[in-house]
Amino acid sequence: MSTKTRTPVMAIRNLVVDYVTQEGPLRVVDGVSLDVHAGELLGLAGESGSGKSTLALAAMRALGAPGVIRGGEVLLSGDNGVEDLLRMSPARLQEVRWSDVAMVVQSAMGALNPVLKVRDQIIDALVAHGVPKARHAPRVAELMQSVSLPPETADAYPHQLSGGMRQRVVIAMAIALRPRLLWMDEPTTALDVIVEREILELVAELSRKEGFGVVLITHDLPRMLEVCDTVAIMYGGRLAELATVDVIHRGGARHPYTSGLMAAFPSLHGDESALQAIPGDAVSLRQPPTGCRFHPRCARAQASSGCMDRTPPWRQTNRLGVACHRADEPE
Ligand SMILES: Nc1ncnc2c1ncn2[C@@H]1O[C@H](COP(=O)(O)OP(=O)(O)OP(=O)(O)O)[C@@H](O)[C@H]1O
Ligand SMILES: [Mg+2]
């Protein structure tokens with residue numbers, strides 16, 4: 001893709017997020033840097049509790065208590081140049097939400113107002129962002145078409161629609177103001193597998209057609225590798241690897257955790273007997289291991305490389321990045 005050299009739509013820099021708990025602060029996102037480009041589909045994967053949703057909420061500045069952003073920048077580039085979303089005025093934040101960056105969360109029903117027809121919910125968003133009245137009806141019609149819903153869906157209430165249709169409505173709302181970036185956190189877990197696949201394909205198609213970037217968080221790694229261009233793998237609140245899907249498919253993952261994740265999905269290598277869960281327990285953020293957080297579970301960890309006592313630095317070239325002391329050493 002030619003997006004590599006362009007300014008990213010969103011550049012997350014050294015983001016640090018804690019949850020303030022009774023037992024003290026819990027560092028859940030620990031220095032994550034990540035770029036998302038226009039038209040790029042970036043998958044964000046990692047075990048449950050690795051900090052994916054927290055990263056998404058913080059990057060959207062939608063993180064509520066007890067979450068606290070301790071440091072970093074979320075640089076958004078748009079018509080006003082580059083702005084740090086974390087330091088924007090509330091008024092400016094209102095403007096950029098939906099029109100520059102939008103987010104789709106897990107529960108489609110939760111995202112919709114049950115007492116408003118689809119059309120009126122979309123129009124509310126258009127009005128809030130100053131879209132002239134004459135554009136409302138045509139935009140609603142366009143959006144229904146974009147997400148492959150019959151035009152009359154606009155006149156339904158959410159409860160009259162199936163789960164898959166509701167999810168399409170939520171996507172239509174999210175893209176109503178033509179954002180340049182869409183975050184989707186487990187957008188399809190409430191849906192059956194076929195509907196889920198259709199929704200992800202729809203988003204991929206819309207992203208390519210309309211040119212917006214997507215960050216897709218899902219546990220469905222095989223599907224992620226089907227629809228995404230790039231994958232970012234998180235482990236214990238840190239980024240372990242950033243790789244293109246091509247590299248992953250060629251078996252070129254450089255972080256042992258990424259390789260372990262891939263091996264845990266039989267459909268990625270077609271041999272169910274080779275299914276291997278990663279041994280050991282998920283990392284405790286309360287008492288994370290020293291050095292590389294993955295080292296207690298890593299077959300390649302060795303003291304002489306520093307795995308046990310030094311945090312592996314993040315090394316990135318173009319769209320490939322890894323935080324592993326041994327990434328450059330031969331097997
Ligand atoms: N409100 C909260 N208060 C305290 N700790 C929290 C809170 N929300 C999340 N956490 C903790 O933060 C860590 C990261 O959670 P997060 O939801 O970001 O992970 P995730 O990668 O999205 O997981 P999943 O794949 O299960 O959705 C977990 O250890 C979780 O227990
Ligand atoms: Mg989550």
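Please treat every number below as a calculation from the coordinates, not as lab data. No experiment lies behind these values; they were computed from the predicted model shown. Here Cβ is always computed from backbone atoms with ideal geometry, including for glycine, and neighbour counts include all displayed protein chains.
Before moving on, here are some points about what is shown:
- In this structure the amide hydrogen of R70, modeled in the peptide plane, comes within under 5 Å of the amide hydrogens of V16, V17, D18, none closer than 5 places in sequence on its chain.
- At R0 = 30 Å, FRET efficiency that the Cβ-Cβ distance of Q302 and A264 yields, to 0.05: 0.80
- Phi to ³J(HN,Hα) by Karplus 6.51 cos²θ - 1.76 cosθ + 1.60 over segment 234-239, Hz, x for Gly, Pro: 9, 9, x, x, 10, 7
- Computed from the C-alpha gyration tensor, the three semi-axes of the ellipsoid equivalent to segment 185-265 are 22, 15, 12 Å, from longest to shortest.
- Structure-based [θ]222 nm, the chain - -39500 (n - 2.57) summed over DSSP H runs of at least 4, per residue, nearest 500: -8500 deg cm²/dmol
- The GluC sites (Glu not before Pro) found in segment 1-104 that occupy coil by DSSP, while having at most 15 further C-beta atoms within 10 Å, are E23.
- Here H219, H325, H255 are placed in order of increasing Cβ neighbour count within 10 Å, fewest first, which gives H219, H325, H255.
- Stretching the chain fully between D281 and D155 yields a gain of 40.4 nm (0.36 nm per residue, less the alpha carbon separation).
- Segment 108-178 - Kirkwood radius from inverse mean 1/r over Cα pairs (Å): 11.8 Å
- Segment 314-328 - phi-based ³J(HN,Hα) in whole Hz, Karplus 6.51/-1.76/1.60, Gly and Pro as x: 7, 10, 9, 10, 6, 9, 10, x, 8, 10, 8, 4, 9, 4, 9
- The chain, Rg to Rh (Cα coordinates; Rh as Kirkwood inverse mean 1/r): 0.98
- With a Förster radius of 45 Å applied to the C-beta separation of A62 and E329, the computed FRET efficiency comes to 0.65.
- Residue order, fewest to most beta carbons within 10 Å, for S259, S89: S89, S259
- Lys, Arg +1 and Asp, Glu -1 on Cβ, resulting dipole of the chain about Cα centre, debye, nearest 20: 720 debye
- Inter-label distance for D309 and Y19, nm, one decimal - labels placed 7 Å from Cα along Cα-to-Cβ: 3.3 nm
- 3J(HN,Hα) along segment 302-311, derived from phi through the Karplus expression 6.51 cos²θ - 1.76 cosθ + 1.60 where θ = phi - 60°, amounts to 8, 4, 5, 8, x, 4, 7, 10, 10, 5 Hz, with x in place of Gly and Pro.
- Annotation: extensible slack from V82 through S33 equals 16.0 nm (criterion: 0.36 nm per residue apart, minus Cα-Cα distance).
- Anisotropy class of segment 33-115 from Cα gyration tensor, a/c 1.5 cut: rounded
- For segment 121-141 and segment 1-66, distance of Cα centres in Å: 31 Å
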